[in-house]
Amino acid sequence: MYVGTVQRLCALIALAATCAVASAQTPINASFEYRGTLWEAGLEGPNDVNEEVDFDFRLWDDLEAGTQIGPTKVRTDVPVVNGVFKVRMDFGDGAFNGDRRWLEIRVRVPAGQGPWVVLEPRQRVNSVPYALYALEAGPG
């Protein structure tokens, strides 16, 4: 019985290693999913947004000033449920090169109406998109 368990475990390890090699051969891109929360300030505290919203995303190389990296990404009619939303975006292959990046988000509520409002401060982009850079850089 012990030998059968070890054989099954070895087979699973071999299968996992094969899957890892196969996925490494698939090209990657700089696309990532951003998940956030959106609420409106009210007299009695914040209220979760529950409607479709327009978003404008810009990637920057500085928290407050700097240079915009890649194109502006506009996402219209994004459903926001109980304040929670998610969008997928791609700022291009060269956007994540190892330097720090910040995401500026503008929002229009409700979708298609009213002015764009910049949400502050810009959001620092953490390590997940930078994993793409690490894959491209290869072993040191």
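Of the set (1) farther than 17 Å from Val118 by Cα; (2) among the polar types (S, T, N, Q); (3) open to solvent by 70 Å² or more (accessible area, probe 1.4 Å); (4) at pLDDT 65 or above, all apply to Thr37 but (1).
Can you name every residue in the range 29-63 that is hydrophobic (A, V, I, L, M, F, W, C) and under 18 Å from the mean Cα position of the chain (by Cα)? Result: Ala30, Phe32, Leu38, Val53, Phe55, Phe57, Leu59, Trp60, Leu63. Under 16 Å from Arg124 (Cβ atoms), open to solvent by 80 Å² or more (accessible area, probe 1.4 Å) and part of a loop (DSSP other than H, G, I, E, B): does that describe Glu44? The answer is no for Glu44.
Just one of the listed residues (Ala30, Ala22) is at pLDDT below 55 and open to solvent by less than 80 Å² (accessible area, probe 1.4 Å), namely Ala22. Of all residues in the range 59-89, those that are open to solvent by 50 Å² or more (accessible area, probe 1.4 Å), of a type in the set (A, V, I, L, M) and touching a residue at least 24 places away in the same chain (Cβ under 8 Å) total 3. For the range 90-118, a residue qualifies if it is without any contact (Cβ under 8 Å) to a residue 40 or more places away in the chain, closer than 17 Å to Glu51 by Cβ and in a strand (DSSP E or B), and exactly one does: Val117.
The values are calculated or read from the model by the stated rules, or taken from the named source; none is laboratory data. The model shown is predicted, which means the values in this text are computed figures rather than measured ones. Neighbour counts run over all protein chains shown; Cβ positions are idealised from the backbone, glycine included. Remember, those area values only see protein heavy atoms, side chains included, never the ligands or the DNA or RNA. Shrake-Rupley method; radii C 1.70, N 1.55, O 1.52, S 1.80 Å.
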